[in-house]
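The values are calculated or read from the model by the stated rules, or taken from the named source; none is laboratory data. No experiment lies behind these values; they were computed from the predicted model shown. Just so you know, the surface numbers come from the protein's heavy atoms only, side chains and all, with ligands and any DNA or RNA stripped out. Shrake-Rupley method; radii C 1.70, N 1.55, O 1.52, S 1.80 Å.
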Amino acid sequence: MAREKDADRSVRGKQGHQLGPEAKDPTRAVVIVPVLTRQPRDDDSSRPRLSRSADARHDEAVGLASAIDLNPVHTAVVTVADPRPATLLGSGKVAEFADIVKERKAELVIVDHPLTPVQQRNLEKELNAKVLDRTGLILEIFGERARTKEGTLQVELAHLNYQKGRLVRSWTHLERQRGGAGFLGGPGETQIESDRRILQDKITKLKHELETVRRTRDLHRAKRKKVPFPVVAIVGYTNAGKSTLFNRMTGAGVLAEDMLFATLDPTLRRVRLPHGTPIILSDTVGFISDLPTHLVAAFRATLEEVVEADLVLHLRDISDPDTAAQAEDVERILGDLGVDAADTGRVIEVWNKIDLLDEGNRERLLAGSAGGKAPPIAISAATGEGIDALRALIETRVSGELETMTVTLNPAQLGQVDWLYRNGDVVSRTDNEDGSVTLSLTATHSARQEIESRLNRRNR
(Lines give C-alpha, C1' and ligand atoms only; values in the text may rest on other atoms or scores of the structure.)
Protein backbone atom coordinates (compact mmCIF):
# COMPACT_ATOMS: atom_id res chain seq x y z
CA MET A 1 0.00 0.00 0.00
CA ALA A 2 1.35 3.43 -0.90
CA ARG A 3 0.03 6.80 0.17
CA GLU A 4 1.07 9.46 -2.29
CA LYS A 5 1.08 13.20 -1.88
CA ASP A 6 1.16 15.75 -4.66
CA ALA A 7 4.40 17.61 -4.17
CA ASP A 8 4.24 19.72 -7.31
CA ARG A 9 4.34 22.73 -5.04
CA SER A 10 7.95 23.72 -5.46
CA VAL A 11 10.16 24.69 -2.57
CA ARG A 12 11.36 27.50 -4.75
CA GLY A 13 8.95 29.75 -2.92
CA LYS A 14 11.09 29.39 0.20
CA GLN A 15 14.35 30.06 -1.53
CA GLY A 16 13.11 32.19 -4.38
CA HIS A 17 15.26 35.12 -3.30
CA GLN A 18 18.34 33.00 -3.93
CA LEU A 19 17.54 32.34 -7.57
CA GLY A 20 18.97 35.05 -9.78
CA PRO A 21 18.57 35.19 -13.54
CA GLU A 22 21.62 32.94 -14.02
CA ALA A 23 20.84 30.52 -11.16
CA LYS A 24 19.77 26.97 -11.90
CA ASP A 25 16.38 25.72 -10.82
CA PRO A 26 16.41 23.39 -7.78
CA THR A 27 16.96 19.72 -8.60
CA ARG A 28 13.66 17.92 -9.17
CA ALA A 29 13.36 15.03 -6.74
CA VAL A 30 11.00 12.16 -5.95
CA VAL A 31 10.84 11.39 -2.21
CA ILE A 32 9.95 7.82 -1.15
CA VAL A 33 9.30 7.03 2.52
CA PRO A 34 9.34 3.25 3.14
CA VAL A 35 7.52 2.24 6.34
CA LEU A 36 8.50 -1.25 7.50
CA THR A 37 5.68 -3.15 9.17
CA ARG A 38 8.10 -4.90 11.55
CA GLN A 39 9.43 -2.35 14.02
CA PRO A 40 13.16 -2.42 14.93
CA ARG A 41 13.91 -3.28 18.55
CA ASP A 42 16.20 -1.63 21.03
CA ASP A 43 19.71 -3.04 21.08
CA ASP A 44 19.62 -3.82 24.80
CA SER A 45 16.08 -5.18 25.17
CA SER A 46 13.25 -6.92 23.40
CA ARG A 47 11.16 -3.76 23.61
CA PRO A 48 10.33 -2.26 20.20
CA ARG A 49 11.19 1.38 19.61
CA LEU A 50 8.44 3.96 19.74
CA SER A 51 6.81 3.98 16.31
CA ARG A 52 6.52 7.19 14.33
CA SER A 53 3.47 8.20 12.41
CA ALA A 54 3.73 7.90 8.63
CA ASP A 55 2.83 11.59 8.28
CA ALA A 56 5.68 12.59 10.62
CA ARG A 57 8.14 10.42 8.69
CA HIS A 58 6.91 11.96 5.44
CA ASP A 59 7.15 15.55 6.69
CA GLU A 60 10.67 14.97 8.05
CA ALA A 61 11.84 13.45 4.75
CA VAL A 62 10.45 16.40 2.79
CA GLY A 63 12.06 18.76 5.30
CA LEU A 64 15.43 17.08 4.82
CA ALA A 65 15.09 17.38 1.04
CA SER A 66 14.07 21.03 1.28
CA ALA A 67 17.02 21.75 3.59
CA ILE A 68 19.35 21.56 0.57
CA ASP A 69 16.99 23.33 -1.84
CA LEU A 70 15.66 20.25 -3.62
CA ASN A 71 12.29 20.50 -5.35
CA PRO A 72 10.16 17.49 -4.27
CA VAL A 73 7.92 17.05 -7.33
CA HIS A 74 6.38 13.83 -5.98
CA THR A 75 6.34 12.20 -2.55
CA ALA A 76 4.96 8.86 -1.40
CA VAL A 77 4.72 6.79 1.77
CA VAL A 78 5.11 3.08 0.95
CA THR A 79 4.34 0.25 3.36
CA VAL A 80 6.97 -2.49 3.07
CA ALA A 81 5.98 -5.85 4.56
CA ASP A 82 8.80 -7.87 3.00
CA PRO A 83 11.97 -5.84 2.27
CA ARG A 84 13.68 -7.09 -0.90
CA PRO A 85 17.44 -7.63 -0.65
CA ALA A 86 17.94 -6.35 -4.21
CA THR A 87 15.80 -3.18 -4.20
CA LEU A 88 14.12 -2.89 -0.75
CA LEU A 89 10.81 -2.21 -2.56
CA GLY A 90 8.81 -4.76 -4.55
CA SER A 91 9.25 -4.95 -8.33
CA GLY A 92 5.78 -3.51 -8.94
CA LYS A 93 6.52 -0.44 -6.86
CA VAL A 94 9.91 0.03 -8.50
CA ALA A 95 8.27 -0.04 -11.96
CA GLU A 96 5.61 2.41 -10.76
CA PHE A 97 8.19 4.87 -9.48
CA ALA A 98 10.22 4.51 -12.68
CA ASP A 99 7.18 5.81 -14.59
CA ILE A 100 6.74 8.67 -12.10
CA VAL A 101 10.41 9.66 -12.37
CA LYS A 102 10.13 9.75 -16.16
CA GLU A 103 6.79 11.61 -16.14
CA ARG A 104 7.93 14.24 -13.60
CA LYS A 105 11.40 14.57 -15.21
CA ALA A 106 13.01 13.96 -11.84
CA GLU A 107 16.80 13.86 -11.65
CA LEU A 108 17.04 12.48 -8.12
CA VAL A 109 15.19 9.90 -5.99
CA ILE A 110 15.38 10.19 -2.19
CA VAL A 111 14.69 6.96 -0.28
CA ASP A 112 14.16 7.79 3.39
CA HIS A 113 15.73 4.56 4.60
CA PRO A 114 19.28 3.18 4.73
CA LEU A 115 20.13 1.35 1.50
CA THR A 116 22.84 -1.22 0.92
CA PRO A 117 25.26 -0.48 -1.94
CA VAL A 118 23.57 -3.22 -4.00
CA GLN A 119 20.10 -1.79 -3.40
CA GLN A 120 21.24 1.69 -4.32
CA ARG A 121 22.90 0.51 -7.53
CA ASN A 122 19.90 -1.62 -8.59
CA LEU A 123 17.43 1.20 -7.92
CA GLU A 124 19.51 3.63 -9.97
CA LYS A 125 19.41 1.20 -12.90
CA GLU A 126 15.66 0.57 -12.62
CA LEU A 127 14.66 4.19 -12.00
CA ASN A 128 17.18 5.70 -14.41
CA ALA A 129 18.00 8.43 -11.89
CA LYS A 130 20.48 9.16 -9.15
CA VAL A 131 19.36 7.53 -5.85
CA LEU A 132 20.24 8.90 -2.42
CA ASP A 133 19.31 7.13 0.81
CA ARG A 134 18.68 8.75 4.20
CA THR A 135 22.33 8.53 5.23
CA GLY A 136 23.55 10.09 1.98
CA LEU A 137 20.98 12.90 2.22
CA ILE A 138 22.01 13.77 5.79
CA LEU A 139 25.65 13.82 4.67
CA GLU A 140 24.77 16.20 1.82
CA ILE A 141 23.02 18.54 4.28
CA PHE A 142 25.95 18.41 6.69
CA GLY A 143 28.34 19.14 3.83
CA GLU A 144 26.39 22.26 2.89
CA ARG A 145 26.01 23.47 6.51
CA ALA A 146 29.65 23.03 7.61
CA ARG A 147 31.33 26.41 8.04
CA THR A 148 34.42 25.84 10.17
CA LYS A 149 37.50 23.85 9.17
CA GLU A 150 36.64 21.29 11.84
CA GLY A 151 33.10 20.84 10.59
CA THR A 152 34.30 20.46 7.00
CA LEU A 153 36.84 17.82 8.03
CA GLN A 154 34.26 15.86 10.00
CA VAL A 155 31.75 15.86 7.14
CA GLU A 156 34.40 14.85 4.62
CA LEU A 157 35.54 11.96 6.82
CA ALA A 158 31.97 10.69 7.22
CA HIS A 159 31.36 11.04 3.48
CA LEU A 160 34.51 9.07 2.56
CA ASN A 161 33.57 6.26 4.95
CA TYR A 162 30.11 6.20 3.36
CA GLN A 163 31.55 6.11 -0.17
CA LYS A 164 34.11 3.42 0.58
CA GLY A 165 31.52 0.64 0.57
CA ARG A 166 29.71 1.96 -2.51
CA LEU A 167 32.44 2.00 -5.11
CA VAL A 168 31.40 0.45 -8.41
CA ARG A 169 33.60 0.28 -11.51
CA SER A 170 31.85 2.67 -13.84
CA TRP A 171 34.41 2.82 -16.61
CA THR A 172 35.52 0.10 -19.04
CA HIS A 173 38.82 1.38 -20.33
CA LEU A 174 40.83 -0.12 -17.49
CA GLU A 175 40.21 -3.40 -15.72
CA ARG A 176 43.59 -3.90 -14.12
CA GLN A 177 46.61 -1.75 -13.62
CA ARG A 178 49.99 -3.20 -14.59
CA GLY A 179 51.84 -4.59 -11.61
CA GLY A 180 55.37 -5.78 -10.82
CA ALA A 181 58.74 -4.52 -12.04
CA GLY A 182 60.48 -4.64 -15.44
CA PHE A 183 58.74 -5.53 -18.69
CA LEU A 184 56.74 -8.54 -17.49
CA GLY A 185 54.80 -7.35 -14.47
CA GLY A 186 51.98 -9.55 -13.27
CA PRO A 187 48.35 -8.48 -12.79
CA GLY A 188 48.09 -5.40 -10.61
CA GLU A 189 45.23 -4.12 -8.48
CA THR A 190 41.81 -3.55 -10.00
CA GLN A 191 40.52 -0.03 -10.50
CA ILE A 192 38.10 -0.48 -7.58
CA GLU A 193 40.93 -1.63 -5.34
CA SER A 194 42.95 1.41 -6.41
CA ASP A 195 40.03 3.72 -5.62
CA ARG A 196 39.53 2.10 -2.23
CA ARG A 197 43.22 2.54 -1.45
CA ILE A 198 43.06 6.21 -2.42
CA LEU A 199 39.96 6.69 -0.26
CA GLN A 200 41.61 4.92 2.66
CA ASP A 201 44.66 7.18 2.34
CA LYS A 202 42.39 10.23 2.43
CA ILE A 203 40.52 8.83 5.45
CA THR A 204 43.78 8.24 7.31
CA LYS A 205 44.95 11.78 6.55
CA LEU A 206 41.63 13.29 7.72
CA LYS A 207 41.76 11.27 10.94
CA HIS A 208 45.21 12.72 11.65
CA GLU A 209 43.91 16.25 11.04
CA LEU A 210 40.90 15.64 13.27
CA GLU A 211 43.20 14.27 15.96
CA THR A 212 44.99 17.63 15.85
CA VAL A 213 41.60 19.33 16.24
CA ARG A 214 40.79 17.08 19.19
CA ARG A 215 44.09 17.95 20.89
CA THR A 216 43.39 21.66 20.33
CA ARG A 217 39.96 21.21 21.91
CA ASP A 218 41.55 19.43 24.85
CA LEU A 219 43.91 22.40 25.33
CA HIS A 220 40.99 24.84 25.23
CA ARG A 221 39.08 22.66 27.68
CA ALA A 222 42.08 22.53 30.01
CA LYS A 223 42.33 26.34 29.93
CA ARG A 224 38.63 26.63 30.80
CA LYS A 225 39.13 24.29 33.74
CA LYS A 226 41.86 26.58 35.09
CA VAL A 227 39.17 29.26 35.23
CA PRO A 228 36.50 26.79 36.32
CA PHE A 229 33.37 27.92 34.51
CA PRO A 230 30.76 25.14 34.42
CA VAL A 231 29.89 24.01 30.87
CA VAL A 232 26.20 23.61 29.99
CA ALA A 233 25.46 21.87 26.66
CA ILE A 234 22.15 22.11 24.80
CA VAL A 235 21.20 18.91 22.99
CA GLY A 236 18.03 17.80 21.26
CA TYR A 237 16.38 16.58 18.11
CA THR A 238 17.03 18.74 15.08
CA ASN A 239 14.67 21.72 14.87
CA ALA A 240 13.79 21.51 18.58
CA GLY A 241 14.81 25.16 19.02
CA LYS A 242 18.36 24.80 20.38
CA SER A 243 19.79 27.80 18.54
CA THR A 244 16.77 29.94 19.44
CA LEU A 245 17.28 29.09 23.13
CA PHE A 246 21.02 29.73 22.79
CA ASN A 247 20.37 33.15 21.29
CA ARG A 248 17.75 33.94 23.96
CA MET A 249 20.16 33.15 26.80
CA THR A 250 23.33 34.66 25.32
CA GLY A 251 22.20 37.41 22.96
CA ALA A 252 24.27 35.74 20.23
CA GLY A 253 23.31 35.82 16.57
CA VAL A 254 23.51 32.09 15.78
CA LEU A 255 21.48 31.08 12.72
CA ALA A 256 18.05 29.95 13.96
CA GLU A 257 15.57 29.00 11.26
CA ASP A 258 12.61 26.63 10.95
CA MET A 259 14.85 24.22 9.05
CA LEU A 260 16.39 20.83 9.79
CA PHE A 261 20.09 21.08 10.70
CA ALA A 262 20.14 24.89 10.46
CA THR A 263 23.16 24.78 12.80
CA LEU A 264 26.03 22.33 12.38
CA ASP A 265 29.18 23.78 13.92
CA PRO A 266 29.12 24.10 17.73
CA THR A 267 29.12 27.54 19.31
CA LEU A 268 30.21 28.43 22.86
CA ARG A 269 29.45 31.65 24.76
CA ARG A 270 29.96 32.82 28.31
CA VAL A 271 26.74 33.61 30.19
CA ARG A 272 26.24 35.18 33.61
CA LEU A 273 23.28 33.72 35.53
CA PRO A 274 20.91 35.79 37.77
CA HIS A 275 23.06 35.55 40.92
CA GLY A 276 26.33 36.13 39.11
CA THR A 277 27.40 32.55 38.36
CA PRO A 278 29.33 32.48 35.06
CA ILE A 279 28.85 29.46 32.77
CA ILE A 280 29.89 28.40 29.27
CA LEU A 281 26.81 27.61 27.17
CA SER A 282 27.33 25.28 24.20
CA ASP A 283 25.00 24.92 21.21
CA THR A 284 25.51 21.57 19.45
CA VAL A 285 24.47 19.87 16.22
CA GLY A 286 20.92 18.49 16.23
CA PHE A 287 20.28 14.77 16.57
CA ILE A 288 17.96 12.80 14.31
CA SER A 289 16.56 9.28 14.12
CA ASP A 290 18.75 6.68 12.43
CA LEU A 291 21.77 9.00 12.60
CA PRO A 292 24.55 7.09 10.82
CA THR A 293 27.02 5.56 13.26
CA HIS A 294 30.05 6.66 11.23
CA LEU A 295 28.64 10.20 11.28
CA VAL A 296 28.48 10.09 15.09
CA ALA A 297 32.06 8.79 15.09
CA ALA A 298 33.23 11.57 12.77
CA PHE A 299 31.61 14.21 14.97
CA ARG A 300 32.99 12.79 18.20
CA ALA A 301 35.41 15.74 18.52
CA THR A 302 32.42 18.09 18.50
CA LEU A 303 30.21 15.87 20.63
CA GLU A 304 32.93 15.67 23.28
CA GLU A 305 31.60 19.07 24.39
CA VAL A 306 28.46 17.17 25.44
CA VAL A 307 30.43 14.36 27.11
CA GLU A 308 32.55 16.85 29.08
CA ALA A 309 29.66 19.15 30.01
CA ASP A 310 28.81 19.63 33.68
CA LEU A 311 25.13 19.92 32.80
CA VAL A 312 23.13 18.82 29.74
CA LEU A 313 19.88 20.48 28.68
CA HIS A 314 17.79 17.98 26.70
CA LEU A 315 15.55 20.28 24.69
CA ARG A 316 12.31 18.79 23.33
CA ASP A 317 9.80 20.25 20.91
CA ILE A 318 6.79 19.43 23.04
CA SER A 319 4.38 20.64 20.33
CA ASP A 320 5.51 17.89 17.94
CA PRO A 321 3.22 14.83 17.93
CA ASP A 322 6.31 12.62 17.73
CA THR A 323 8.09 14.25 20.67
CA ALA A 324 8.31 10.99 22.68
CA ALA A 325 9.95 9.11 19.79
CA GLN A 326 12.32 12.03 19.18
CA ALA A 327 13.29 12.06 22.87
CA GLU A 328 14.02 8.32 22.69
CA ASP A 329 16.33 8.88 19.70
CA VAL A 330 18.22 11.64 21.53
CA GLU A 331 18.55 9.50 24.67
CA ARG A 332 19.89 6.61 22.59
CA ILE A 333 22.62 8.79 21.04
CA LEU A 334 23.47 10.28 24.45
CA GLY A 335 23.82 6.73 25.73
CA ASP A 336 26.23 5.95 22.87
CA LEU A 337 28.30 8.94 24.02
CA GLY A 338 28.33 7.70 27.61
CA VAL A 339 25.80 10.21 28.96
CA ASP A 340 22.97 8.68 31.02
CA ALA A 341 19.81 10.58 30.10
CA ALA A 342 18.15 9.26 33.29
CA ASP A 343 20.76 11.01 35.47
CA THR A 344 18.57 13.88 36.65
CA GLY A 345 21.52 15.38 38.53
CA ARG A 346 23.27 16.04 35.24
CA VAL A 347 20.50 16.12 32.60
CA ILE A 348 17.64 18.63 32.68
CA GLU A 349 14.70 17.92 30.41
CA VAL A 350 13.38 21.14 28.88
CA TRP A 351 10.03 21.27 27.08
CA ASN A 352 10.18 23.96 24.40
CA LYS A 353 7.53 25.61 22.17
CA ILE A 354 4.78 25.63 24.78
CA ASP A 355 3.54 28.80 23.07
CA LEU A 356 2.29 26.52 20.27
CA LEU A 357 0.06 24.55 22.68
CA ASP A 358 -3.44 25.53 23.70
CA GLU A 359 -4.06 26.03 27.41
CA GLY A 360 -5.74 22.64 27.90
CA ASN A 361 -2.89 20.67 26.31
CA ARG A 362 -0.30 22.67 28.22
CA GLU A 363 -1.92 21.99 31.62
CA ARG A 364 -2.41 18.29 30.81
CA LEU A 365 1.20 17.82 29.74
CA LEU A 366 2.64 19.61 32.74
CA ALA A 367 0.32 17.74 35.12
CA GLY A 368 1.50 14.44 33.62
CA SER A 369 5.11 15.62 34.07
CA ALA A 370 7.72 13.04 33.09
CA GLY A 371 6.44 9.79 34.55
CA GLY A 372 8.19 9.80 37.90
CA LYS A 373 11.36 11.54 36.72
CA ALA A 374 12.31 15.04 37.78
CA PRO A 375 9.65 17.40 36.39
CA PRO A 376 10.68 19.14 33.18
CA ILE A 377 11.02 22.89 32.74
CA ALA A 378 8.44 24.27 30.30
CA ILE A 379 9.63 27.19 28.18
CA SER A 380 9.17 29.05 24.95
CA ALA A 381 12.55 30.05 23.54
CA ALA A 382 10.74 32.18 20.96
CA THR A 383 8.74 34.30 23.44
CA GLY A 384 10.98 34.03 26.51
CA GLU A 385 8.36 32.36 28.69
CA GLY A 386 9.95 30.18 31.39
CA ILE A 387 13.53 31.30 30.62
CA ASP A 388 13.99 32.91 34.05
CA ALA A 389 12.97 29.65 35.77
CA LEU A 390 15.40 27.73 33.55
CA ARG A 391 18.25 30.12 34.38
CA ALA A 392 17.50 29.74 38.10
CA LEU A 393 17.45 25.94 37.88
CA ILE A 394 20.75 25.87 35.95
CA GLU A 395 22.34 28.08 38.60
CA THR A 396 21.04 25.84 41.39
CA ARG A 397 22.43 22.73 39.67
CA VAL A 398 25.91 24.15 39.01
CA SER A 399 26.34 26.29 42.14
CA GLY A 400 24.01 24.87 44.78
CA GLU A 401 20.86 26.15 46.49
CA LEU A 402 20.52 29.81 47.44
CA GLU A 403 21.66 30.66 50.95
CA THR A 404 21.08 33.75 53.09
CA MET A 405 24.08 35.43 54.68
CA THR A 406 25.00 38.67 56.41
CA VAL A 407 28.41 40.32 55.99
CA THR A 408 29.88 43.42 57.57
CA LEU A 409 32.56 45.27 55.64
CA ASN A 410 34.96 47.58 57.46
CA PRO A 411 36.05 50.80 55.73
CA ALA A 412 39.08 49.06 54.19
CA GLN A 413 36.82 46.48 52.53
CA LEU A 414 34.29 48.84 50.95
CA GLY A 415 35.84 48.18 47.56
CA GLN A 416 34.11 44.78 47.72
CA VAL A 417 30.60 46.26 47.83
CA ASP A 418 30.24 46.47 44.06
CA TRP A 419 31.47 42.87 43.66
CA LEU A 420 28.94 41.66 46.25
CA TYR A 421 26.09 43.40 44.40
CA ARG A 422 27.15 41.68 41.18
CA ASN A 423 27.60 38.21 42.69
CA GLY A 424 24.75 38.09 45.17
CA ASP A 425 21.20 39.33 45.58
CA VAL A 426 21.45 42.11 48.19
CA VAL A 427 18.25 42.21 50.28
CA SER A 428 19.16 45.07 52.63
CA ARG A 429 22.04 47.44 53.37
CA THR A 430 22.88 49.28 56.61
CA ASP A 431 25.52 52.03 56.72
CA ASN A 432 26.97 52.01 60.24
CA GLU A 433 28.27 55.02 62.19
CA ASP A 434 31.84 53.67 62.25
CA GLY A 435 31.95 53.72 58.44
CA SER A 436 31.37 50.00 58.02
CA VAL A 437 28.55 48.57 55.89
CA THR A 438 26.34 45.57 56.76
CA LEU A 439 24.75 43.70 53.86
CA SER A 440 22.10 40.98 54.01
CA LEU A 441 22.12 38.96 50.80
CA THR A 442 21.25 35.67 49.17
CA ALA A 443 23.86 33.83 47.12
CA THR A 444 24.49 30.39 45.73
CA HIS A 445 26.50 27.95 47.84
CA SER A 446 29.59 28.35 45.67
CA ALA A 447 29.21 32.15 45.63
CA ARG A 448 28.95 32.14 49.44
CA GLN A 449 32.20 30.19 49.69
CA GLU A 450 33.92 32.65 47.35
CA ILE A 451 32.55 35.65 49.29
CA GLU A 452 33.85 34.25 52.58
CA SER A 453 37.22 33.46 50.99
CA ARG A 454 37.60 36.98 49.56
CA LEU A 455 36.67 38.68 52.83
CA ASN A 456 38.97 36.44 54.85
CA ARG A 457 41.87 37.28 52.52
CA ARG A 458 41.14 40.99 52.98
CA ASN A 459 41.17 40.59 56.78
CA ARG A 460 44.68 39.08 56.79
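Listed values, structure above:
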quantity	calculated
Solvent-accessible area per residue for the range 65-118 (1.4 angstrom probe, square angstrom)	40 Å²
The range 58-106 and the range 421-460: distance between their alpha carbon centers, rounded to Å	67 Å
Violating pairs (Cα-Cα greater than 25 angstrom) within the set 105/125; 102/125; 105/202	105/202
Antiparallel DSSP beta bridges within the range 317-460, percent to nearest 5	80 percent
Cα-based shape type of the range 55-165, given that a ≥ b ≥ c are square roots of the gyration tensor eigenvalues and the cut on a/c is 1.5	prolate
Listed residue pairs exceeding 25 Å between alpha carbons, taken from 164/205; 93/130; 130/205; 149/242; 149/205; 130/207	130/205; 130/207
